[in-house]
Amino acid sequence: MEYYESLSGDKGEERENEFYRLVTSFDHSITQSSGAVGNDSLPFGIEYRSASIMRELNTGYADQSVEVAFGGDTKVPEGFELCNGCGVAVLPGKSRSDIKHRRSCPGRRLTESLQREGKSGTGYQWERVWLYRELRSEAIRLLLPDVETADLDTLEASIYLGMRLRFQGDPAHLLVKPQIIPDHNDGVTRNYLVLMDAVPGGTGFLKALYQQTDNQNRMGEGIVEILTLAKNALETCDCRRLQQTDDDTDGCYRCIRTYHMQHRAKNISRERGILLLGDLINAADNRVVKDALDEIKVDALFGSVLEKRFVDRLRQWIEDQKGQWHESLINGKRGFRFVIGKPERSWELELQPQLGSAQGVSIACQPDFMLRSDDSNIKPIAIFTDGFEFHVEPEKSECRLTDDVQKRRSILESGRYLVWSITWNDLADADAEDAKLSFLHKPVVDNVLKIHAVNTLKAASKPVPDVSTVTSNAWEQFISYLNCPVEDSWRVLAESAAGVFLGSFALQGKGVELDKLLDSVGTWRSGDSPVPINKETGDWLWLSRISLSEDVLAYALAEELSGGKYERLRIDLRLDDSHAERQKVKTYSLRWRQFLAMLNFFQFANNYSVFTTTEVIDGTAPEIVIDLGAGLSADWVEILEETASSLEPLVRAMASAKCTVPQVEYYSNDVPDDAFAEMAWVSDDKNIVLLIGDQTSFANKWAEAGFKVFTDNDIHALGINAVVDQLPKV
């Protein structure tokens, strides 16, 4: 062998850290449990096994794209790309041509030979590989309650901290790895942390930890001690004294943070660690002997990790506000009660309630939570926590969105409940970019809500919700409602957001006729953008440029809007759930969150509707509601109902001018039997009729009988006002 063939390509004096994508699995079936203790109520358990096998795959660099499905929802890179001749790997962000092969590489020799001969081509051969290792050693398994990925990382870092304190040094030979196992029999997921000795066969450290007993002679006290040491260190660390400043990092390298876990630093939290460790230590205080951890039944309190995240976030907020929080039985099931606010209100949070005909809900459904207050003036809130992939299903031609909307609409139509929808991103940390959300145009928030609506509420001596949070993401909206659960105040905000700008257009004399309003609303409902109102005049106004996504459309009678009356203001919310839109994942995720936040907000308006474009296409969407009787007396409402809809502008003009109420479908003995007038004014002084459509063919007969005749052509030719001027007045 030549000298250069024995050389390594690594000439560095120090090791360089690289981050890789690892897939770890455990096989605990090679031996039986050597002992276990646990608590069924949390659940929590500790188990020692004298031998377990850890199998670990290194599937590639952490920043490589993930393209290979690897069981469940896991995806991994295609692996390391290696030269088959010398083993050199292609680095991330580099191409094969950037790689410097070893001098002993047969591919390099062949390639150089081809180049000397002036030939094209290459002699290198490449292949993709994953790196595999297997370790058989002693292990301790900790059974955990429902946890998130971030919780696992925080607990892992906490246990490393506890072991450093217990062993008074770095226990480098001990590994801490998460293990997640679906339990298909019970339909739940079992979460574990596995402590494993990195020395094959084990060193006895873990056995000694498990066999340490407490004053009741219960095994597992060594693990409890590690948890207790970690919790005490987190609570007393100097970095916690900075909690009230902006520089708090929620942990430091003296406590929970470690260099070997720095790539997961965003998931690791000192305060979260204190809370989690406290729960585990309390559960361990009530542990009993088990044959194995499989004996402990995992009764999933939550249907999803998102539901747990919502409860954890709510609990944390309640405690930050110095409120009271405790677990309780609600309708025979585990739930939560809390007290918060000024004045104080008591709330109960029921998990997985059932709604149906008995509750006045036409479509049977199961919200994730039902929140009730001890104040009878506050409606219960059906809360839904929605994940984007599960509900939107961007890769499929059909999705759950229409079903979601129909169920929530049926709950609202019962008149007994409010509905609140919250997504994963809404529950992210407040300063996280993913959590931020706006759904209304800035002038609507700054000029209409923060000034006009707030002044309206103050003038009426009504509580004022925090506009900044009311118009933010769904979680901020929810907290704002808990602080100010007054429906009338929220109604003023919702109707002002939609009505104030419409009112300003009405004062400018803008408007459209009913037929154009119906065309515009129909166009918008199908998912398109209607042509804005320009210099047209008419009795109706509509506006879709209220929200950033233009998924809200409001319309009403211009006369009422100009007077600041919003009782008959209609507010419609739509969601375009077509596959073409849903495939635009990045933009649609934002649009979907905005839609749900708008439903949270506009549900307080007097007249609102919500639907998807799929419902419009299928003909199952709520009908367009046009209140033709808006602003009219009962007599004129009856005239509107009995005459052709095309005469609606004329009828309104007659009512406004205080005309005498006409007779509808009028017959005269002086005119042939098959002729009648749409409307007629008959008196001793003057007889007038209005003819439309086929009725106009008898115009001469009516004139010969002494009637002054107006036709629909006269209305178009002379104008509505000219006709109204000639009609009798009260």
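A few notes on this one:
- Just one of the numbered conditions (1) more than 25 Å from THR423 (Cβ to Cβ); (2) in a helix (DSSP H, G or I) is not true of ILE624: (2).
- Subset of the range 371-390 (residues that are in a helix (DSSP H, G or I) and out of contact with any strand residue (DSSP E or B) (no Cβ under 9 Å at 6 or more places or on another chain)): GLU389, PHE390
- Among the residues here, LEU482 qualifies as under 20 Å from ARG313 (Cα atoms), touching a strand residue (DSSP E or B) at 6+ places or on another chain (Cβ under 8 Å) and in a helix (DSSP H, G or I).
- For VAL661: the one exception among (1) within 22 Å of SER633 (Cβ to Cβ); (2) at pLDDT below 90: (2)
- Candidates in the range 505-528 are the residues that are modelled with pLDDT of 90 or more and either surrounded by fewer than 16 Cβ atoms within 10 Å (Cβ to Cβ) or assigned by TED's automatic domain parsing to the domain that holds LEU640 (or both); of these, the one that is farthest from ILE624 (Cα to Cα) is ASP528.
Yes or no, residue by residue, for (1) farther than 29 Å from GLY45 by Cβ; (2) in contact with a Gly (Cβ under 6 Å, 6 or more places away or on another chain):
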residue: GLY222; (1), (2): no, no
residue: GLU225; (1), (2): no, no
residue: LEU229; (1), (2): no, yes
residue: ASP238; (1), (2): yes, no
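- Residue in the range 303-318 that is out of contact with any helix residue (DSSP H, G or I) (no Cβ under 8 Å at 6 or more places or on another chain), under 30 Å from HIS28 (Cβ atoms) and of a type in the set (Gly, Ala, Ser) present: yes
- Any hit, the range 448-462, residues being over 15 Å from the mean Cα position of the chain (by Cα), hydroxyl-bearing (Ser, Thr, Tyr) and over 21 Å from LEU355 (Cα atoms): yes
- Residues that are buried (at least 16 other Cβ atoms within 10 Å of the Cβ), assigned by TED's automatic domain parsing to the domain that holds GLY45 and at pLDDT below 90 occur at least once in the range 158-172.
- Residue list for the range 487-527, filter: charged (D, E, K, R) and free of Cβ contacts under 8 Å to residues at least 12 places away in the same chain: ASP519
- Residues of the range 40-67 that are in a loop (DSSP other than H, G, I, E, B) and either touching a Cys at 6+ places or on another chain (Cβ under 9 Å) or closer than 28 Å to LEU143 by Cβ (or both): ASP40, SER41, LEU42, PRO43.
- Residue match in the range 443-450 (condition: more than 24 Å from GLU550 (Cα to Cα) and surrounded by fewer than 19 Cβ atoms within 10 Å (Cβ to Cβ)): no
- Residues located in the range 219-249, provided they are modelled with pLDDT of 85 or more, surrounded by fewer than 18 Cβ atoms within 10 Å (Cβ to Cβ) and not in a helix (DSSP H, G or I): CYS237
- For the range 558-589, a residue qualifies if it is touching a helix residue (DSSP H, G or I) at 6+ places or on another chain (Cβ under 9 Å), surrounded by fewer than 24 Cβ atoms within 10 Å (Cβ to Cβ) and aliphatic (A, V, I, L, M), and the qualifying residues are ALA558, LEU573, VAL585.
The values are calculated or read from the model by the stated rules, or taken from the named source; none is laboratory data. This is a predicted model, so every value here is computed, not measured. Using ideal geometry, Cβ is built from the backbone for each residue, glycine included, and neighbour counts are taken over all protein chains shown.
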